[in-house]
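Below: the structure, in structure tokens.
The values are calculated or read from the model by the stated rules, or taken from the named source; none is laboratory data. In this text, all values refer to a predicted model and were calculated from it rather than measured experimentally. We place every Cβ from the backbone using ideal geometry, glycine too, and count neighbours over all the protein chains shown. Quick note on the areas: whole protein, heavy atoms, side chains included, nothing else; ligands and nucleic acids left out. Shrake-Rupley method; radii C 1.70, N 1.55, O 1.52, S 1.80 Å.
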Amino acid sequence: MSPESKKLFNIILLGVSFMFIFTAFQTCGNIAQTVITNLNNTDFHGSGYTSMSIIYGVFSASNLVSPSVVAIVGPQLSMVVSGIFYSLYIAVFIQPATWAFYTASVFIGIAAAVLWTAQGNCLTVNSDENTIGRNSGVFWALLQSSLFFGNLYIYFAWQGKTHISESDRRTVFIALTVISLVGTVLFFLIRKQEDTKTPGEEDSANEILGDSSSAQNKMTRAVAAFKKSIKLSFTKEILLLSVTTAYTGLVLTFFSGVYGTCIGAVNRFGSEEKSLIGLSGIFIGVGEILGGGLFGLLSKNNRFGRNPVVMLGIIVHFIAFYLIFFNMPNDAPIAPMEGTDDVAYMNPSKEVAIFCSFLLGLGDSCFNTQLLSILGFLYSEDSAPAFAIFKFVQSICAAVAYFYSNYFLLQWQLLIMVIVGFFGTITFFTVEWEAAAALVARGSDYSSI
């Protein structure tokens with residue numbers, strides 16, 4: 001096998017591993033609050049929203065130290081250990097205990113930061129400037145495929161159920177735990193790839209995560225990268241893009257946890273209310289993969305830059321928020337175990353609910369693909385610190401959103417996303433215009449970005 005074929009094999013294997021792990025985890029997140037609502041008449045008193053708030057809060061803080069962990073342990077072992085913690089979190093639902101649930105939430109927050117830092121290193125080492133776009137697209141498509149399989153199972157397994165029994169819960173979470181463990185084991189098959197760049201070509205990603213026999217040297221590089229991250233945090237471009245990134249964190253919370261809970265709480269959907277949660281997740285995945293394919297893999301053919309894609313994303317999301325506001329009862333995110341019989345401004349429509357799922361996924365992919373693109377363009381020499389800041393802001397905003405989801409009615413959650421989304425779009429436009437002007441001043445072709 002040629003070196004290039006070996007690298008592509010590693011990228012595909014990385015994507016498949018993440019697909020298995022996040023098939024389990026994203027399905028778990030999508031149904032967690034619904035399952036927990038059916039448990040709260042027992043000794044279990046946890047909250048799925050609170051758990052996710054803890055996860056993303058710890059995830060955000062852990063991004064500051066995860067490069068050091070990966071530098072010392074290595075990316076492959078880091079991903080394996082992180083995958084084990086993902087599996088343990090999912091396994092807690094087999095026989096839930098409040099203390100174990102929240103403890104696992106803390107550990108998976110740390111594991112998530114390490115997992116994504118290691119993933120970035122693995123992707124970088126197995127790519128060059130000519131293949132990074134293709135490899136990122138392949139990885140994105142495989143990762144987002146995870147939204148299909150678990151949710152498809154939920155759709156069929158929970159068909160006609162209005163209450164999730166203990167047997168139903170155990171069957172689902174045993175299956176999800178096994179799926180997560182399969183993804184974890186696949187990390188062992190990734191072949192070690194030496195970084196072929198010359199020392200003069202190394203960027204900060206290699207400085208942080210590069211191979212070195214000296215643990216002390218690795219720690220020195222990690223500390224240097226941490227200082228660089230702090231310095232970058234206060235640059236004008238990062239501060240402006242942080243508003244856009246904050247919006248993606250709020251939307252991530254909404255479509256990955258809150259919206260599925262809303263659908264499952266609407267009694268007027270009848271016997272399909274629980275299985276519709278799975279169908280919603282599938283159509284979010286369809287939107288994500290479609291957007292990732294159009295705006296990720298085909299980005300080189302975009303003559304007009306990133307702003308039109310971001311504009312499309314905010315329009316699609318605003319349409320989705322408008323339809324959700326009219327279709328979903330206000331108390332759906334915080335409804336009790338019995339669900340809600342309330343009606344919004346129209347009789348709840350299953351078709352509209354699922355269409356909104358598709359729009360949420362499509363709009364999210366518009367924002368994320370363009371944020372990754374502009375960060376890679378602006379900070380090609382400081383990619384690791386820049387992406388660490390991106391994950392830090394996104395995850396801390398997701399944590400805040402999961403926290404207030406315990407208390408805020410649907411209308412207020414939608415209003416917050418509309419306001420932050422509007423200003424996030426404006427700040428993104430500002431950075432993109434400045435980047436385009438700088439490129440033209442250097443005599444480069446704007447469409448090349």
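For the stretch 295-313, which residues satisfy the criterion of being at pLDDT 75 or above and open to solvent by 10 Å² or more (accessible area, probe 1.4 Å)?
Of everything in the stretch 295-313, those that are at pLDDT 75 or above and open to solvent by 10 Å² or more (accessible area, probe 1.4 Å) turn out to be Asn307, Pro308, Val309, Met311, Leu312.
Looking at Ser78, Ser51, Ser136, can you tell me which residue is under 28 Å from Thr261 (Cα atoms) and buried (at least 21 other Cβ atoms within 10 Å of the Cβ)? Don't jump to the end; show me each part of the working.
Details: Ser78 fails: under 28 Å from Thr261 (Cα atoms); Ser136 fails: under 28 Å from Thr261 (Cα atoms).
Going through Ser78, Ser51, Ser136 in turn, just one is under 28 Å from Thr261 (Cα atoms) and buried (at least 21 other Cβ atoms within 10 Å of the Cβ): Ser51.
Please report, ordered by residue number, the helices (runs of 4 or more DSSP H) entirely within the stretch 50-146 with at least 2 residues that are modelled with pLDDT of 85 or more. It would help to see each step written out before you state the result.
Details: elements: 66-73, 75-91, 98-125, 132-144.
Fully inside the stretch 50-146 and qualifying: 75-91, 98-125.
Conditions (1) buried (at least 17 other Cβ atoms within 10 Å of the Cβ); (2) at pLDDT below 65; (3) not in a loop (DSSP other than H, G, I, E, B), marked per residue:
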{"residue": "Ile164", "(1), (2), (3)": "yes, no, no"}
{"residue": "Arg170", "(1), (2), (3)": "no, no, yes"}
{"residue": "Lys192", "(1), (2), (3)": "no, no, no"}
{"residue": "Glu207", "(1), (2), (3)": "yes, yes, yes"}
{"residue": "Ser213", "(1), (2), (3)": "no, yes, no"}
{"residue": "Lys218", "(1), (2), (3)": "yes, yes, yes"}
{"residue": "Ala224", "(1), (2), (3)": "no, no, yes"}
{"residue": "Lys228", "(1), (2), (3)": "yes, no, yes"}
{"residue": "Glu237", "(1), (2), (3)": "yes, no, yes"}
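Sort through Phe254, Phe269 and tell me the only one that's crowded, with 17+ Cβ neighbours inside 10 Å, at pLDDT 85 or above and either in a helix (DSSP H, G or I) or not assigned by the TED database to the domain that holds Thr427 (or both).
On the way: Phe269 fails: at pLDDT 85 or above.
The match here is Phe254.
Looking at the stretch 305-322, I want the residues that are on the phi > 0 side of the Ramachandran plot and have a partner that is part of a helix (DSSP H, G or I) and modelled with pLDDT under 95 with Cβ atoms under 8 Å, at least 6 apart or on another chain. Which pairs are those?
Gly305/Glu432; Gly305/Ala436; Gly305/Tyr446; Gly305/Ser447
Please identify the pairs in which a residue from the stretch 46-67 that is more than 14 Å from Ala104 (Cβ to Cβ) has its Cβ atom under 7 Å from the Cβ atom of a residue that is part of a helix (DSSP H, G or I) and charged (D, E, K, R), counting only partners at least 6 apart or on another chain.
Qualifying pairs under 7 Å: Asn63/Lys391.
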